[in-house]
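Input: a single structure, listed below in structure tokens.
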Amino acid sequence: MVLICGEEALELLLHGEQRFRRLFKARAHMQSDVARSARSIKDFLRETCQIARDLELLSFPREALAALADFSSRLAGHQKRLSLEYPAVRDLLVEADALARAEGLDTVPARIIARAQELRDFRDNLIEEEFLEDYDKEIIKVPTTGSAVGRVNGLTVTGFGDYVFGLPHQIACTVGVGEGGIIDLEREAELGGPIHTKAMLILKSYLLGRFATDKPIVLAGSLYFEQSYANVEGDSASGAELAALLSALSQVPVDLSLAFTGAVNQSGAIMAVGSVTNKIEGFFSVCRRRGLTGSQGVLIPSDNVDDLMLKPEVVQAVRDKTFHIHPVRTIEEAMTRLTGRSTRSLMHRVDTRLAALAETARAYRN
């Protein structure tokens with residue numbers, strides 16, 4: 001830390017500042033990222049090497065340049081895009097150079113690039129660490145083993161300044177006899193935004209389209225984020241909310257070693273969401289601190305696969321099969337993963353329960 005913030009690093013940061021100001025001003029009108037191709041990678045690395053030369057940094061071998069290209073894709077949030085945020089690239093170059101010089105190296109290897117990224121995250125992630133300590137102490141209760149009825153581990157994303165990180169939150173659902181329908185407790189508490197409210201209405205549309213063709217849907221229930229005290233916005237948890245609802249109706253437990261992120265439409269298709277990389281890494285961090293069991297993982301929309309630019313430790317865990325990423329296209333496919341039950345069996349139980357609730361309500365009215 002001290003070495004990175006020392007006089008030598010400061011001089012490197014300031015060197016050539018006028019050139020960078022002209023460069024960034026000239027690029028202000030350009031798009032923030034480009035498609036990742038052989039040509040765009042070559043252009044990106046050419047500019048990156050020019051920055052290094054202007055700052056009189058150590059040379060970067062091929063492996064380090066490849067790591068810089070991946071860093072750019074992580075900034076862009078997509079495997080097939082390159083970010084043009086050259087200020088962020090320049091800062092990483094300067095810090096990696098300082099680390100390499102501190103070790104007495106003549107070049108900046110790829111491991112030093114990775115180390116510089118880790119140190120940058122370490123300086124920014126104080127709030128994230130405080131949250132993770134609450135998970136460690138089970139002050140925030142999100143089980144990562146076992147199973148439960150009407151409960152699903154959903155994934156949220158939080159930002160402090162430029163630092164964005166994901167965290168798991170348990171979504172709970174209860175159902176019973178009544179005519180109140182599914183109540184969105186976030187909305188009732190004035191914590192839910194309009195997009196989240198729309199997502200809840202879509203869940204009701206899914207139930208009507210799937211189960212109300214031969215009978216009325218008569219039930220009372222509630223859906224909410226446990227231990228959530230801030231505003232909830234967006235539809236990225238609607239897939240997990242529907243999974244909790246289907247579990248509560250069918251009385252089939254959900255595997256809590258899995259977390260689920262994805263929006264759902266009224267036909268049950270799982271649609272892409274934002275910040276999926278951060279959400280996966282957030283659940284992985286909680287699981288790793290407790291000890292990976294080999295069965296833990298995350299369900300994500302299939303459309304988000306190209307957006308994944310995961311940290312090396314997550315990639316290695318997936319390779320070692322100690323952590324898993326399951327792309328899904330429909331809520332039925334997600335429920336099969338979460339419950340281990342076939343779609344036919346699960347939906348039959350839901351249909352039977354809805355019919356029983358309607359009959360009980362009718363009998364009570366009479």
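A short reminder: the numbers here are calculations on the coordinates, not readings from a lab. Computed from a predicted structure; not experimentally measured. Methodologically, a virtual Cβ is constructed for each residue, glycine included, from the backbone with ideal geometry; neighbour enumeration extends over all protein chains shown.
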request  = Could you work out which residue, out of Ala237, Ala199, Ala220, moves most in a Gaussian network model of the chain, that is, has the largest mean-square fluctuation with Cα springs under 10 Å?
outcome  = Ala220
task = Would you mind checking the pairs Lys42/Lys80; Lys80/Lys279; Lys80/Lys198; Lys204/Lys311 and listing those with alpha carbons more than 26 angstrom apart?
result = Lys80/Lys198; Lys204/Lys311
inquiry  = For the range 291-340 and the range 181-238, what is the centre-to-centre distance using only Cα atoms, to the nearest Å?
reply    = 25
ask   = Anyone know which of Asp106, Asp136, Asp97 comes out most mobile in the 10 Å Cα GNM of the chain?
value = Asp106
query = Excluding same-chain residues fewer than 8 positions from Lys141, which aspartates and glutamates have a Cα within less than 15 Å of its Cα?
reply = Glu130, Glu133, Glu226
query = Counting other Cβ atoms within 10 Å, which trypsin sites (Lys or Arg not before Pro) in the range 96-158 have at most 15 and lie in a DSSP loop?
reply = Lys137, Lys141
ask   = Measuring from label point to label point, each 7 Å out along Cα→Cβ, what is the Ser205 to Arg319 span in nm?
value = 4.3
query = Nearest 10 degrees, 0 to 90: what angle lies between the long axis of helix 343-365 and the longest principal axis of the chain (Cα atoms)?
reply = 50
key: the chain, helix-only ellipticity at 222 nm - DSSP H runs n ≥ 4, -39,500 (n - 2.57), divided by all residues, nearest 500   = -16000 deg cm²/dmol
Among Gly181, Gly154, Gly104, residue whose mean-square fluctuation peaks in a GNM of the chain (springs only between Cα atoms under 10 Å) = Gly104
ask   = Any idea what % of Cα-Cα pairs in the range 220-366 are farther than 24 Å?
value = 38
note = A correct Kirkwood calculation over the Cα atoms of the range 170-263 returns a hydrodynamic radius in Å of 13.7
message = With 10 angstrom as the radius, rank Ser236, Ser342, Ser147 by how many other C-beta atoms surround their C-beta, starting from the fewest.
response = Ser342, Ser147, Ser236
